[in-house]
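What follows is one structure encoded as structure tokens, with my remarks underneath.
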Amino acid sequence: MAFKTLDDISDLTGKRALVRVDLNVPMDGGKVTDTTRIERVLPTIKELSDKGAKVILLAHFGRPKGEKVDSMSLAPVSQAVSNLLGKTVGFANDCIGTAAAGAVAVMQNGQVLLMENTRFHKGEEKNDPEFAKALAANGDIFVNDAFSAAHRAHGSTEGIARLLPAYAGRTMQAELEALGSALGEPERPVLAVVGGAKVSSKIDLLENLVSKVDMLVIGGGMANTFLAAKGTDVGKSLCERDLADTAKKIMAAADTANCEIVLPADAVVAKEFKAGADNDTVGLDAIPSDGMILDVGAASIDVVKAKIDAAKTLVWNGPLGAFEIAPFDIATVAAAKHAASNTKAGKLNSVAGGGDTVAALNHAGAAGDFSYVSTAGGAFLEWLEGKELPGVKALES
């Protein structure tokens, strides 16, 4: 897709730049406990500010459902942004109306202002045209740097982009370029690693991927459903037996599309799901009736590593086992480190995303060596599913 970036703006001096960012950060006692999302948007804020724009930040926080909820005010977040940015960030106690207009009117070139929670207005989530107009009244240009909110057609993500010259911020640009390189026009062969607990939450994802990739590794609890559909007795493992027909359809679609589906070759089983539980690695024909599959064994790890070695592009979403507790993190860690190593050596373009995925790659110490790790969650998943993202669509030029 073609979209405009900050490189397409010739002069920003004095321009009122309305910038949609994701500041929906974890808080405890009025303090931000994880600044990752703030750090991601700093390059865009700094660039606009350094080039003389009046930088006006739009963001949501929590789910106030169109009501003003004091505990969901963005006021405490402005201080965290200020600390990381290294300059004062003003705060307006509304995002539209006289309070917003007054705060913008006194801004000097290069100053940064954070508006109050856009979701304090019902018009935000309804994408109400009048609300979008009220937002746009305070800006000359619109910059969307919140890919994580791009799957929502809201006033501050989609509506406003129809009313002002719209551009992708640096984080949005990096995300779209990374995703384009992974599934848009990838270097082949393409390998997808998809894990997690349930097939039911990733049916659309799997159906889309089998038509796009050359190899698909299925891990985690999801793999049990596929194994059971093929006749394997998975004992007391997490398994959606009612989705056997769905699993068979996905495997048939993969066969038609010449996509190789890779399922576990062995299993690490235990009788209880707890850290340090007694466990055994067994073949798929030897899973005890009272055992649970909590990870894959050495044979499966070797197969996954071989597929990574054969690939030029990797898309990763979800862990291979119950990585949250040792020793059932071994396969996920080993595969992640191998992919990171190949990426670092210039052999692989690796793009990963999704909440569990980010946590798993961080746990493995591998996230920093992947080509791109998306923190977008739902938007990343919907993109993998092949769905159109309204906030991205609105940026198309």
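The values are calculated or read from the model by the stated rules, or taken from the named source; none is laboratory data. A quick note: this is a predicted structure, and the numbers were derived from the prediction, not measured. For neighbour counting, all protein chains shown are included, and Cβ atoms are generated from backbone atoms with ideal geometry for every residue, glycine included. All accessible areas refer to the heavy atoms of the entire protein, side chains included, with ligands and DNA or RNA removed. Shrake-Rupley method; radii C 1.70, N 1.55, O 1.52, S 1.80 Å.
Taking into account only those residues within region 310-358 that are open to solvent by 50 Å² or more (accessible area, probe 1.4 Å) and under 17 Å from GLY220 (Cβ atoms), which is modelled with the lowest pLDDT?
The selected residue is GLY355.
With the requirement that a residue be among the small types (Gly, Ala, Ser), in a helix (DSSP H, G or I) and within 23 Å of ALA339 (Cβ to Cβ), what does region 207-251 give you?
Hits for region 207-251 are GLY220, GLY221, ALA223.
Determine which single condition MET172 fails, assuming it passes every other condition in (1) in a loop (DSSP other than H, G, I, E, B); (2) in contact with a Ser or Thr (Cβ under 9 Å, 6 or more places away or on another chain).
(1)
Matching residues to (1) in a helix (DSSP H, G or I); (2) open to solvent by less than 10 Å² (accessible area, probe 1.4 Å); (3) farther than 20 Å from ARG170 by Cβ; (4) polar (S, T, N, Q):
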| residue | (1), (2), (3), (4) |
| --- | --- |
| LEU23 | no, yes, no, no |
| THR44 | yes, yes, no, yes |
| GLU47 | yes, no, no, no |
| GLY62 | no, no, yes, no |
| SER71 | yes, no, yes, yes |
| ALA80 | yes, no, no, no |
| PHE91 | no, no, yes, no |
| ALA103 | yes, no, yes, no |
| GLN108 | no, no, yes, yes |
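Yes or no: ALA197 open to solvent by 10 Å² or more (accessible area, probe 1.4 Å) and under 26 Å from ALA311 (Cβ atoms)?
The answer is yes for ALA197.
Among the residues in region 223-235, are any under 19 Å from the mean Cα position of the chain (by Cα) and open to solvent by 40 Å² or more (accessible area, probe 1.4 Å)?
no
Of the conditions (1) open to solvent by less than 30 Å² (accessible area, probe 1.4 Å); (2) part of a helix (DSSP H, G or I), ASP204 satisfies every one except a single condition; which number is it?
(1)
With the structure loaded, tell me whether GLY139 is assigned to a strand (DSSP E or B) and over 21 Å from the mean Cα position of the chain (by Cα) or whether it fails that test.
No.
For region 13-51, give me each residue that is touching a residue at least 60 places away in the same chain (Cβ under 8 Å) and among the basic types (Lys, Arg).
Within region 13-51, LYS15, ARG16, ARG20, ARG37, ARG40 qualify.
What about SER237, is it of a type in the set (Ser, Thr, Tyr), out of contact with any Lys or Arg (no Cβ under 6 Å at 6 or more places or on another chain) and modelled with pLDDT under 95?
no
Out of region 1-21, which residues are assigned to a loop (DSSP other than H, G, I, E, B), hydroxyl-bearing (Ser, Thr, Tyr) and in contact with a Gly (Cβ under 9 Å, 6 or more places away or on another chain)?
Across region 1-21, the qualifying residue is only THR13.
Scan region 257-289 residue by residue and report those that are among the hydrophobic types (A, V, I, L, M, F, W, C) and over 29 Å from GLU207 (Cβ atoms).
VAL269, ALA270, PHE273, ALA275, ALA277, VAL282, ALA286, listed by residue number.
Pull up region 272-306, narrow it to residues that are touching a strand residue (DSSP E or B) at 6+ places or on another chain (Cβ under 7 Å) and assigned to a loop (DSSP other than H, G, I, E, B), then point me to the one that is surrounded by the fewest Cβ atoms within 10 Å (Cβ to Cβ).
ASP278
What number goes with the only condition from (1) touching a helix residue (DSSP H, G or I) at 6+ places or on another chain (Cβ under 9 Å); (2) modelled with pLDDT of 95 or more; (3) within 21 Å of VAL351 (Cα to Cα) that ARG188 does not pass?
The single condition ARG188 does not satisfy is (1).
Spot the failing condition for ALA254; the list is (1) touching a residue at least 60 places away in the same chain (Cβ under 8 Å); (2) out of contact with any helix residue (DSSP H, G or I) (no Cβ under 7 Å at 6 or more places or on another chain); (3) assigned to a helix (DSSP H, G or I); (4) open to solvent by less than 10 Å² (accessible area, probe 1.4 Å), and only one is missed.
The one condition ALA254 does not meet is (1).
Looking only at region 355-397, count every residue that is closer than 16 Å to GLU158 by Cα, assigned to a loop (DSSP other than H, G, I, E, B) and either touching a residue at least 60 places away in the same chain (Cβ under 8 Å) or among the basic types (Lys, Arg) (or both) and tell me the total.
Going through region 355-397 one residue at a time, the tally reaches 5.
Any idea which residue in region 307-320 is farthest from PHE370 (Cα to Cα), counting only those that are assigned to a strand (DSSP E or B) and out of contact with any Pro (no Cβ under 8 Å at 6 or more places or on another chain)?
ASN317
Which residues, taken from region 368-390, are more than 20 Å from VAL25 (Cα to Cα) and surrounded by 17 or more Cβ atoms within 10 Å (Cβ to Cβ)?
Listed by number, the residues that qualify are ASP369, PHE370, SER371, TYR372, GLU382, TRP383, LEU384, LEU389, PRO390.
Inspect region 325-337 for any residue being among the aliphatic types (A, V, I, L, M), within 23 Å of VAL199 (Cα to Cα) and assigned to a loop (DSSP other than H, G, I, E, B) and give the result as yes or no.
There is at least one residue in region 325-337 that is among the aliphatic types (A, V, I, L, M), within 23 Å of VAL199 (Cα to Cα) and assigned to a loop (DSSP other than H, G, I, E, B).
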